[in-house]
1. Of everything in segment A:299-333 that's within 35 Å of the chain's Cα centre (by Cα) and in contact (Cβ under 8 Å) with a residue 12 or more places away in the chain, which residue is nearest to the other protein chains (Cβ to nearest Cβ)?
2. Within segment A:64-169, considering only strands (runs of 3 or more DSSP E) that don't extend past its boundaries, which have at least 2 residues that are open to solvent by less than 20 Å² (accessible area, probe 1.4 Å) and more than 30 Å from residue A:579 (Cβ to Cβ)?
3. Report, ordered by the first and then the second residue, all pairs with beta carbons closer than 7 Å, sequence separation of six or more or different chains, a first member in segment B:151-168 that is closer than 20 Å to residue A:90 by Cβ and free of Cβ contacts under 8 Å to residues at least 12 places away in the same chain, and a second member that is of a type outside the set (Ser, Thr, Tyr) and not in a helix (DSSP H, G or I).
4. Looking only at segment A:219-257, count every residue that is without any contact (Cβ under 8 Å) to a residue 40 or more places away in the chain and on the phi > 0 side of the Ramachandran plot and tell me the total.
5. Among the numbered criteria (1) within 30 Å of residue B:341 (Cβ to Cβ); (2) over 26 Å from the mean Cα position of the chain (by Cα), which single criterion is violated by residue A:348?
6. Within segment A:251-298, can you find the residues that are closer than 21 Å to residue A:510 by Cα, at the interface with chain B (Cβ under 10 Å from one of its Cβ atoms) and in contact with a Leu (Cβ under 9 Å, 6 or more places away or on another chain)?
7. Which residues, counting only those in segment A:334-358, are without any contact (Cβ under 8 Å) to a residue 12 or more places away in the chain, charged (D, E, K, R) and crowded, with 16+ Cβ neighbours inside 10 Å?
8. Of the numbered conditions (1) outside any helix (DSSP H, G or I); (2) modelled with pLDDT of 90 or more; (3) over 19 Å from the mean Cα position of the chain (by Cα), residue B:275 satisfies every one except a single condition; which is it?
Amino acid sequence: MAHSARTDCPELPDFFLLKRLARDQLIYLLEQLPGKKDLFIEADLMSPLDRIANVSTLKQHEVDKLYKVEYKPIVSTSDQLCFLIRPRIQTVKWICDVANADKATGRFRRYKIIFTPQKFYACDAVLEEQGIIGDVTTDEWSFYLLPLDDDIISLELPEFFRDNFLAGDQRWVRTAGSALHLLHSLYGPFSKVYGIGRCSKMAYESWREQVEEGEQKARQAEIGKVFLIDRDVDFVTPLCSQVVYEGLVDDIFKIKCACVEFGPDVTSSDKSIKVMLNSQDRVFNEIRNEHFSNVFGFLSQKARNLQTSYDKRRGMDIKQMKTFVSEELKGLKQEHRLLSLHIGACESIMKKKTKQDFQELLKTEHSLLEGFEIRESISFIEEHINRQVSMIESLRLLCLLSITENGLLPKDYRSLKAQYLQSYGVDHLLTFANLRQLGLLVEQQPGETLTVMESKVGKLVNDRTGGETGFLFNLLLITIFVSLRIRAGVPKSDEEYDLRVPRDMAYIFSGAYVPLSCKLIEQVLERDGWTGLEEVTRLLNGHEFAVTGYGADSKAKNDAQRIILVMFLGGCTFSEISALRFLGRERGCKFIVVTTAITNSSRLIEALLDNLV
Amino acid sequence: MMKNKADEEDYWNSSKFKAFTFDDEDDEFSRLKESKRAVNSIRPLVDEDDDEEEVEKVSWSGEPVGSKTPLLFNTYCAVIGWRDYVSDWSPEETVQRMQQGKAVSLEKFRSLQDKLLLLDYAVSAHDGNVITAPLWDLFVFPEVLFRELTDRQTALRHFIHYLTESKDQRLLLELLRYLPLSTPGLPLLQYKEHLGIADENKRRDFLKSCLSLPFSPEDSVHVEDHYTLLERQIIIEATDGHAERGGKQEIFQKFPRKASILNMPLITTLYYCCFYHYTESEGTYSSPLNIRQTFKLSEKQFFVTALAARAKLKAWPDVDALFTSRNWLGFTRKKSPLSFQRVVDVLHKNSAPTQVLQDYVALVDDAELRITLAQKHKCHDIVINTYRDLKDRQQLLGYRAKMARGSAEERKINELLNNSQIRWKN
């Protein structure tokens, strides 16, 4: 795809170093507790740890047994217990319970807690409160960054989104700054940093402080530019259904740490298979960024080629056969296996997506993005709620409706909210309050319908001062969204949008919508700053910045200037990554995505639910 | 976006990109199926056993163990900052050192002023970790902390989040009671407490106590409904549990209850009552009509739920009755607040037989949609009649080919095709 793609894209830096550093520090920390020990690992750290150190590495450093933290009394017989955890109060309390239970039975053990990526003072407070502070030693494993692929690095902190944007807790700001600092120290100095959003600004400042605290060695930069962006700058993109292969696989099968588990319906056998999805998988690498409608054609072609390659062996003599087996067969078999899996996955996706409900859902989503047939969409959503179909999907559509229509009419808002609570439980009052707070699902204020708004944009820009409420923020967001959609998003009506030869980033949403987040990045890079985008940034609640030069010669025209690191604070989707890859090919540059976590519509909505204890 | 209808249609007719709909008629999908067969039919040359090795092992299979790299590691330590000593620092320096994870002593900050200075520096440094830490030192009298927090929104939000995370309900409630009632979201935070109450009677009493909280008018209706619903569920649960154990009521024997109705949403409760208590008079708590009235449910909500429940029981006469209304001439006709397409969908999901389905398929207005549904559900009469009405001889011919030889359907089609009264359009 992208036939206009440039061929002079620079090479990406090697992020294997990040893994090695993390592993070495972990080993160092394990050795701080000499002798045999049992290791307790927090559940959501298991996959990330797995990418860093394997069991034999741990065993070599005298880890005897491994356990998952389950908040239950433990059965370990070891005299030394080591806990590898996130700095969460609940987990620290559980460790205190374990230690206190030992004390009560007169059992003596040594305890060590390794917090990752850092310890919080609140954790110390718990240890102190529970009278355990002298009994345990604590350490920090500065495992900030996990490379998931050549161009994706994750902080694996999904809670960043809710903590920061909903609870207003800034505990992870420093963490984000430290992650950036680590990248700067290893791959910088960065010559230019752009950003937008309140959290981005704070993370940037935290990073600068850390740069000033330490000393900077002069080195050849491998990454030239950095772009920081808050998730709440663009909520539309992560709320949309993903139709690019990798995103679709994430929506349906849930990709965890670049790994997916394909169930029996995909493998056509009775067992599930876990597969790594990254650039090492040659089949996947070729289809991951493709619009789903292209994937069939590609896989069919691939299957034909494979058949031809296998067929070559007919009529071979012994010697030729020997060469074939030793040189080609392994590769072919590998490809055969991957091909079967991806074909199976496509079939499974088709089975789910061709159901009537899904078709209607997608049609409604398109109508919302395009701003047509709004009444029909509302009654579809209402019926969806009445039938008690997926509460996440219902909320997702409500949010999309609210953002694209600049809030719901008060009458609609009240009626849909009431029906939602009746279908899924009154407890969701809290969920609605959360969504309102973030500006995701709000009531339209009198006189601020979309049409009125569009005519008022200019005036609003002039009248606005700082300190926005969620509502106004949202209102402005939609204005941008609409104007970008008109200006850049939807192609001219006399042309077909050919998804096989995408002409812009809109292909990731079937041509319906250009992801705002990526559009901003493109514009800022093109203009080398925010000049000319003042109107847009003011409408987007600003906090934008562009800073030049850190010790390095920013004018240097080396390859590093075409390596751009984009950091998403609050999560990014695979669709956005695909869009940036497309942009990179178009512009002859490469993007590295650093994100607090990979997100999608259901993760985003689930993070805002509040109907459980 | 106030486009009028004509504009919209105009737009759709000339739409430049086709909304992607995962259409399974897609040629390429059928090609894909072929490919799958092809791929699966390729026989491996070597035993499958050694394949196991190639399968990515994702559990605990990191890179091979390598030697340690002291040089890199030292750089790393320098980057992340290793601890140094305690000394006499100003509040500002203390905050900086705390951010760096260096040892500090908070003991010397004894005066309230000093403590607040520490807090304010922490807030301006945007470090949530450090913001929470000095809060502890202000803790001797919670009221003092509460008072100071009311003017410090950022610190307040950190503190509330901290208390929520540490599940310190007592202090959280104390704080909430201290804060001015105008604090946004306050009543909801209190209402949230009910989620932690397991005993249904205690939960109901708690909800009752929430009724006096200053919710918005709209939300106070919802909270009142929540209370009323739980109160009702407790009664229904007790009565039905008793009836089920007594073994006298056939419905509970035939369809044992799968779960308790306590704490279920209203619509689920209505479904339950339509399932077990459909014919009860309006006077009882468990009567569907009573629920509909009490909670002011719309016709559509009631209809969808009753339809699903009665269809589940295969009570087709009840299903039929839901649609029946008499007009002023006394004729009965079928009316539905739901599209008949959706009705067919609901009935089909509850495995309604073709005889039942066809009555409703026939009521779908749009001819094309009607044909699609009729074909899907094998309602041959409807397909045939619709083609007849459309005077579409070609389609009828095509459809005849799909019918079994000598079947009633084939005969019917033949009769139609031979009927000289019909003016076929093709």
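The values are calculated or read from the model by the stated rules, or taken from the named source; none is laboratory data. None of the values given here were measured: they were computed from a predicted structure. Virtual Cβ from ideal backbone geometry, glycine too; neighbours counted across all protein chains shown. With ligands, DNA and RNA removed, areas are computed over all heavy atoms of the protein, side chains included. Shrake-Rupley method; radii C 1.70, N 1.55, O 1.52, S 1.80 Å.
1. Among residues in segment A:299-333 that are within 35 Å of the chain's Cα centre (by Cα) and in contact (Cβ under 8 Å) with a residue 12 or more places away in the chain, the one nearest to the other protein chains (Cβ to nearest Cβ) is A:303.
2. Per the criteria, A:80-85, A:110-115.
3. Note: pairs meeting the criteria are B:157/A:167; B:157/A:168; B:157/A:169; B:161/A:167; B:161/A:169.
4. Qualifying residue count, segment A:219-257: 1.
5. The one condition residue A:348 does not meet is (2).
6. Hits for segment A:251-298 are A:291, A:292, A:293, A:294, A:295, A:296, A:297.
7. Listed by number, the residues that qualify are A:337, A:353.
8. Looking at each condition in turn, residue B:275 falls short on (1).
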